[in-house]
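Have a look at the structure below, then the notes.
The values are calculated or read from the model by the stated rules, or taken from the named source; none is laboratory data. What you see is a predicted model, and the numbers here were worked out from it, not measured in a lab. So basically every Cβ, Gly included, is an ideal-geometry build from the backbone, and we count neighbours across all protein chains shown.
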Protein chains: 2
Amino acid sequence: MSQSSEQSITKRKDDFSKWYQDVIDGAQLAEHGSAKGTMVIRPYGYAIWENMQKVLDAMFKETGVQNAYFPLFIPESFLKKEADHVEGFAPEVAVVTHAGGKKLEEPLIVRPTSETIINDSYSRWIQSYRDLPLLINQWANIVRWEMRPRLFLRTTEFLWQEGHTVHATKEDAEDRVQMMLDVYKKFVEEYLAMPVIAGRKSDTEKFAGADFTTCIEAMMQDKKALQAGTSHMLGQNFAKVFDVKFLNEDGEQEYGWQTSWGVSTRMIGGLIMTHSDDNGLVVPPKIAPTHAVIIPIFSDEKEKKQVMPVAEDLAEKLKLEDLKIILDDRDMRPGPRFFEWEKKGVPIRIEIGPKDIKNNSVVAVRRDTGEKENIKQDECAKKIPNILDDIQKNLFEKASKFLKDNTHEVSYWDEFKKIMQNNGGFISAYWCGNAKCEQEIKDETKATIRCIPFCQDNGSGKCVHCDKTGKQKVIFAKAY
Amino acid sequence: MSQSSEQSITKRKDDFSKWYQDVIDGAQLAEHGSAKGTMVIRPYGYAIWENMQKVLDAMFKETGVQNAYFPLFIPESFLKKEADHVEGFAPEVAVVTHAGGKKLEEPLIVRPTSETIINDSYSRWIQSYRDLPLLINQWANIVRWEMRPRLFLRTTEFLWQEGHTVHATKEDAEDRVQMMLDVYKKFVEEYLAMPVIAGRKSDTEKFAGADFTTCIEAMMQDKKALQAGTSHMLGQNFAKVFDVKFLNEDGEQEYGWQTSWGVSTRMIGGLIMTHSDDNGLVVPPKIAPTHAVIIPIFSDEKEKKQVMPVAEDLAEKLKLEDLKIILDDRDMRPGPRFFEWEKKGVPIRIEIGPKDIKNNSVVAVRRDTGEKENIKQDECAKKIPNILDDIQKNLFEKASKFLKDNTHEVSYWDEFKKIMQNNGGFISAYWCGNAKCEQEIKDETKATIRCIPFCQDNGSGKCVHCDKTGKQKVIFAKAY
């Protein structure tokens, strides 16, 4: 559709950042918008997002969550009510000062997240313990000003979902925090084929206004970390400032216990940097807009008459298996067609030429490994779904091995620095728990605490930086 | 969930506008947001919107349309490029002047519609006739400043979809304009059970920047008109200012021919004002979040043990028929439960008490007519879907009769004024085609030309206002 699809892709080892942009251009996923930092999500990129939404939305609803929609504009005074919250978000908000041809009496903030505006409603909706738990999600656009925008990873406007729940007890809220992180982990690992480490954020890295934040962290192919989802325990912080109270079973007024949790179009950036290669995008079958592309090959009208009916018949058969199939019969040589779909990361390419017709077979080419296989035409409906399953599995295993191979158990500060100088991946090490120490590590190496993994061996050891005793191992890495 | 559900509903004849607000409160569809003119769409209202989206989205895709997402923020200079467009929208836009802690060099407009920002992308995406037609839709939030907001009908922020297509010829574009209006008409009539009149807008009422606008117009129960959807022929107007050109088959550069079309959360307002009654909301089964609510009735534990298994069994059976069922076994007297679901407009209420258990039957109560029917338990899986079909049909027929009964063929100005004084509905009358005459009619009666219906008898007659000859009958009405 556009010129970009004819350009070649920078190699990962030459310039990872340029490779990333080339993969996006080559697959026509997105482009920069005209207002600085904004993003246009093109149809192919949006189709991936729609698939993500569909799966996640069903998973949320399975846990009792309902969708709703809250306003884009937040009165400036709302944002200021929760002290940590405003401190965290004020520097990156966009402000509407004029509307309807007039200066507004109170400026409006374009939502950077919706805790405040949602709690304003919740304070009216909740009266009694019978109204709890209140489990609501919204799919929405969010604005956080970005000085150094990158498509999908950091854009001034992005799309996300944000869940906001209220519970009668602290325990119920904490269970929900964990439940939604588990949903994210399951989704990211099973659908996006991205292995993640689940854990808790350090206080420095937690959400502005939360008691604590849990997260899942993935490793990109440049060995940097990407936060793929967060689930926050808000405690009673917002409930107190927005007066979200309920009458408990004993007839007493109590503040509600709250959670919030979200994932965004950032996940698409993670997907790209986990699986794609020097030939372009690689999309896991379970989230792919197209499972297989059928390319009929012929050099004259006679061959076309032989090949096309078989190609059309195969497309119909595979659609009956619930697969999304494109039959690319454009009047172009095979090479450019192969090249285009390879860059779009379609999991399987099926070639059918005159020779295949003679053998009653087709050639199936896997996007993940490049392997070619001759398949009898009448076995395609059975074998193609199996290959897709295998691709899904292979992508997860390959990424899991990469994560494992590049996660290092480190005890000494010299070793830590050396690994980080070479951008060597994740470091698992004891940490004293001190924010000052955390900051010094960051200043010296650019590595931050990605999470305090839930899986701990209950041991203790010397902090990798300051030698004080630490009770928990944490994951350090450079991060997006 | 909230106190509002316990309040009673104003009668339509006493105060239609208050009745409308009461229906929304009673069904917990939406509420006003804290920033002036904004709207919170509550879970029950949003569930209706989700159902609308799901059906429409599938209908769009059936015609080859793909979804994408374009930025919320439009550089101010873009809006100014098309003269009519800026004149139409400038007075109602919201403007971001500050972001990231700084004053912006160029203010950003929060999109009031996306023709300009989308054409900026299209100018890069389209090179050749092979790239056409380009058929893209987005689901998005839109901001147009409202001085007198009303939930769903006029809100500062609303949700909608906007389709934007580019074609190689004028004919192709005009066909698409009509195709999408037909999609809207089919959706609104078959799913929302709202009969509409399809036609073209007068030049005064057309979209700012279009060659012409087509629309569907519905009649509310107060006999006022509601525009339920529009499909615009943009000609080459935006293509010329945004340089959307393509190389045609003869190797010449041409400007693309464009359309845009949209429906919004306003449709929910139309749905309410078409079908609801003095007891609250009425939702057509095809768009209802819940098809039937089962209310078990018992006065002690012994009766509960008899009734509950039957109620649970029935719920399961009906779910197998692809119906969305709620089993309301809350520890409350039947009356308040009946009252609550009635206000939410659930199409069928199924009561099961000890007497029904003895007779192996249930009582089914229709929301549209209030009719009660005893149904044998083992016939429910067959009969309940039939009743739902009948409700859908009945709602459409009732609204069609209302539209017909309140549409008047008028030839004389005195009669016109008299009907409009009494707010008598739609007037079908000849019009000279003169904008000045149109304005005088509006000034004198508040009635505007809702549309020039496609169905014309090819006759001609004297303009109802000025006596000049008019070639087309048009529909006049007061409108939302």
Some residue of the stretch A:117-133 being touching a residue at least 24 places away in the same chain (Cβ under 8 Å) and away from every other protein chain (no Cβ under 14 Å): no
Hey, B:E146 within 12 Å of chain A (Cβ to nearest Cβ), acidic (D, E), in a loop (DSSP other than H, G, I, E, B) and at negative phi or not: yes
Within the stretch A:198-219, considering residues that are surrounded by fewer than 24 Cβ atoms within 10 Å (Cβ to Cβ) and of a type in the set (A, V, I, L, M), the one nearest to A:F89 (Cα to Cα): A:A208
Identity of the residue in the stretch A:18-39, at pLDDT below 95 and surrounded by fewer than 22 Cβ atoms within 10 Å (Cβ to Cβ), that ends up nearest to the other protein chains (Cβ to nearest Cβ): A:S34
Residues of the stretch A:236-273 satisfying the condition of being in contact with a Ser or Thr (Cβ under 7 Å, 6 or more places away or on another chain) and assigned to a loop (DSSP other than H, G, I, E, B): A:D243, A:V244
Selected residue [hydrophobic (A, V, I, L, M, F, W, C), assigned to a helix (DSSP H, G or I) and within 30 Å of B:K186 (Cβ to Cβ)] from B:L323, B:L318: B:L318
Close pairs (6 angstrom Cβ cut-off, 6 or more residues apart or separate chains): outside the structural domain of A:I350 (by TED's automatic domain parsing) and modelled with pLDDT under 95 in the stretch A:296-315, assigned to a helix (DSSP H, G or I) and surrounded by 15 or more Cβ atoms within 10 Å (Cβ to Cβ) anywhere: none
Index of the failed condition, A:G163 passing every other in (1) assigned to a strand (DSSP E or B); (2) within 12 Å of another protein chain (Cβ to nearest Cβ); (3) more than 15 Å from the chain's Cα centre (by Cα): (2)
Pair list, Cβ under 9 Å, 6 or more apart: the stretch B:172-195 residue farther than 24 Å from B:G269 by Cα, other residue surrounded by 24 or more Cβ atoms within 10 Å (Cβ to Cβ) and among the charged types (D, E, K, R): none
Test result for B:I449, among the hydrophobic types (A, V, I, L, M, F, W, C), surrounded by 15 or more Cβ atoms within 10 Å (Cβ to Cβ), touching a Gly at 6+ places or on another chain (Cβ under 8 Å) and outside any helix (DSSP H, G or I): no
Within the stretch A:309-323, tally of residues that are farther than 11 Å from A:I350 by Cα and either small (G, A, S) or surrounded by fewer than 16 Cβ atoms within 10 Å (Cβ to Cβ) (or both): 8
Qualifying residue in the stretch B:82-103 (condition: surrounded by fewer than 17 Cβ atoms within 10 Å (Cβ to Cβ), more than 30 Å from B:E254 (Cα to Cα) and more than 7 Å from chain A (Cβ to nearest Cβ)): yes
Residue among A:F416, A:F402, A:F426 that alone is of a type in the set (F, W, Y), surrounded by fewer than 20 Cβ atoms within 10 Å (Cβ to Cβ), on the phi < 0 side of the Ramachandran plot and in contact with a helix residue (DSSP H, G or I) (Cβ under 9 Å, 6 or more places away or on another chain): A:F402
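Taking the condition closer than 24 Å to B:I136 by Cα and in the same structural domain as B:D120 (by TED's automatic domain parsing), does B:L29 pass?
no
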Flag for B:F338 being more than 16 Å from B:I294 (Cβ to Cβ) and in contact (Cβ under 8 Å) with a residue 12 or more places away in the chain: no
Meets criteria (polar (S, T, N, Q), within 26 Å of A:I197 (Cα to Cα) and more than 9 Å from chain B (Cβ to nearest Cβ)) for A:Q138: no
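Residues checked against (1) outside any loop (DSSP other than H, G, I, E, B); (2) of a type in the set (G, A, S); (3) at pLDDT 95 or above:
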residue: A:L135; (1), (2), (3): yes, no, yes
residue: A:A140; (1), (2), (3): yes, yes, yes
residue: A:F152; (1), (2), (3): no, no, yes
residue: A:A173; (1), (2), (3): yes, yes, yes
residue: A:V177; (1), (2), (3): yes, no, yes
residue: A:V183; (1), (2), (3): yes, no, yes
Cβ-Cβ under 7 Å pairs, at least 6 apart or on other chains, the stretch B:146-171 side within 18 Å of B:L132 (Cα to Cα), far side basic (K, R): B:T165/B:R176; B:H167/B:R176
Subset of the stretch B:274-314 (residues that are part of a loop (DSSP other than H, G, I, E, B) and not β-branched (V, I, T)): B:S276, B:D278, B:N279, B:L281, B:P284, B:A288, B:P289, B:H291, B:F298, B:S299, B:D300
Residue identified as among the aromatic types (F, W, Y) and either surrounded by fewer than 19 Cβ atoms within 10 Å (Cβ to Cβ) or under 25 Å from B:Q127 (Cα atoms) (or both) among A:Y69, A:Y44: A:Y44
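Out of curiosity, is B:C437 surrounded by 17 or more Cβ atoms within 10 Å (Cβ to Cβ), part of a helix (DSSP H, G or I) and not assigned by TED's automatic domain parsing to the domain that holds B:G229?
yes
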